[in-house]
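The values are calculated or read from the model by the stated rules, or taken from the named source; none is laboratory data. Just so it is clear, the structure is predicted and the values come from calculations on it, not from any experiment. Every residue, glycine among them, receives a Cβ derived from its backbone with ideal geometry; neighbour counts consider all protein chains shown. Side chains included, ligands, DNA and RNA excluded: accessible areas come from the protein's heavy atoms. Shrake-Rupley method; radii C 1.70, N 1.55, O 1.52, S 1.80 Å.
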Amino acid sequence: MNTEITIRRPDDWHLHLRDGAMLKGVLPETARHFARAIIMPNLVPPVVTGEQAGAYRERILAALPEGMAFEPLMTLYLTEGTEPADVAAAAASGLVKAVKLYPAGATTNSHSGVRDLAKVMPVLEKMAEIGLPLCTHGEVTTAEVDIFDREAVFIDTVLDPLRRRLPDLRVVMEHITTKEGVEYAAEGGETLGATITTHHLIINRNHILVGGIKPHYYCLPVAKREHHRLALRKAATSGSPRYFLGTDSAPHVDALKEHACGCAGCFTATNTMPLLAHVFEEEGALDKLEAFASLNGPAFYRLPVNEARMRLVKHEAAQVFPAKIFTEAGPVTVFDPGFPVHWAVEA
Ligand code: DOR
Ligand code: ZN
């Protein structure tokens, strides 16, 4: 039986670090295991310009504890006022690695997002020209579309027409949650990638709703039916270069999760790598974990792979992870997979 595995140090291709006290509290949880992460720009106010991204990057590095190494890969929040020249300059300087499309109203702090794609076409054309990836929150937000169908409708009505219009545009389908997402990414060729979160490999919609509402399992895109989860597992463990890890670890203090209008987000930074080892072992695919967590992402983003290694060991005893982390902004509940996990990251 395989009881340990060594892989290149992983990266997280979709991460929320927030700002201020929350940033200080959650950053070590990611930096402990991950070399780099694509940092989501949905702060209040959002990170829209290259200048704002540079300042945010400095705040992240200032919050990093002594002795920890971590490279934040910055993104810009696409708005209908975004200037193509500002995006191009931020990319050329090496500061910005992607631009994030939030359809207005899709999720946390997305009200400054895009209502009319025609208005951002000059930015997208510039991005296609310079090869800068567009990270998409792939959900339509129209009231008539059922929340469980938002991803599939986005693919048909927004993503596919966009990619036909700008075939050179490099796109990441962020946090795919459906069989349709898996299948679309599979056929997309080299200009298309898809991130998959840890939690969407573990929960389906029953976890959120059966036996009482479980707010810590509520995230966006919302977890779907079981057959979608199985499709995601198959994709993540396939070794295909289209799929890579983006945890979408999204901290909210417990008071805002356990609320009449609870925030969306699962906080998985603390235990993602042991959980992935568990999932990949269950799928008989431990040999594909490195591709998913450490190789496919850098290949898509045209960045070198990490030289450092990570060792994961499976122990006889179930491992104990903290139920919460305590930040100066308040307690944040760590994602609970609901089963015993025997894997741990060893130094
Ligand atoms: O669950 C989510 N939380 N999904 C998102 O798209 C945003 C994120 C957040 O920022 O809280
Ligand atoms: Zn996110």
**OP:** Return the carbon/sulfur percentage of the accessible area of the chain, one whole number, probe 1.4 Å, all protein chains in place.
**Re:** 54
Original post:
How high is the relative contact order of segment 232-276, given as a whole-number percent (alpha carbon pairs under 8 Å, six or more residues apart)?
Top reply: 33
Subject >> Label point 7 Å beyond Cα of residue 324 along Cβ direction - residues of segment 263-297 with amide nitrogen under 15 Å >> reply: 267
Original post:
Given a Förster distance of 56 angstrom, what is the FRET efficiency for residue 69 paired with residue 209, based on the Cβ-Cβ distance and rounded to 0.05?
Top reply: 0.85
Subject >> Exposure ranking of 12, 149 by accessible area [1.4 Å probe, largest first] >> reply: 149, 12
Original post:
For residue 339, what accessible area in Å² do you get when you roll a 1.4 Å probe over the heavy atoms of the protein chains, rounding to the nearest 10?
Top reply: 60
Original post:
According to a simple spin-label model (label point 7 Å from Cα along Cα-to-Cβ), what is the distance in nm between residue 92 and residue 282?
Top reply: 4.9
Subject >> Per residue accessible area in Å² of the chain, where ligands, DNA and RNA are left out and the probe is 1.4 Å >> reply: 40
Subject >> Full-stretch length increase - residue 149, residue 225 - with 0.36 nm per residue and alpha-carbon distance subtracted >> reply: 26.2 nm
**OP:** Of the DSSP beta bridges with both residues in the chain, give the percent that are antiparallel, rounding to the nearest 5.
**Re:** 35
**OP:** First measure r as the distance between the Cβ atoms of residue 317 and residue 32, then evaluate 1/(1 + (r/R0)^6) with R0 = 25 Å and state the FRET efficiency to the nearest 0.05.
**Re:** 0.75
Subject >> Residues with amide H under 5 Å from that of residue 172, placed H, sequence gap 5 or more >> reply: 134, 135, 136, 193
Original post:
By per-residue mean of other Cβ atoms within 10 Å, what is the highest-first order of 104-115, 39-50?
Top reply: 39-50, 104-115
Subject >> Net charge dipole size for segment 12-272 [Lys, Arg +1 and Asp, Glu -1 on Cβ; Debye, nearest 20] >> reply: 520
Subject >> For segment 51-82 versus segment 214-278, the gap between their alpha-carbon centres in whole angstrom >> reply: 23
Original post:
So which of 119/324; 97/288; 100/257; 214/234 end up more than 32 Å apart by C-alpha?
Top reply: 119/324
Subject >> Residues with amide H under 5 Å from that of residue 98, placed H, sequence gap 5 or more >> reply: 76
Subject >> Segment residue 51-residue 309, length gained on full extension (0.36 nm per residue, minus Cα span) >> reply: 89.5 nm
**OP:** Give the relative contact order (percent, whole number) for the chain; include only Cα pairs under 8 Å separated by 6+ residues.
**Re:** 20
**OP:** Quick one: compute the contact order of segment 119-200, relative version, from alpha carbon pairs under 8 angstrom and 6+ residues apart, as a percent.
**Re:** 31
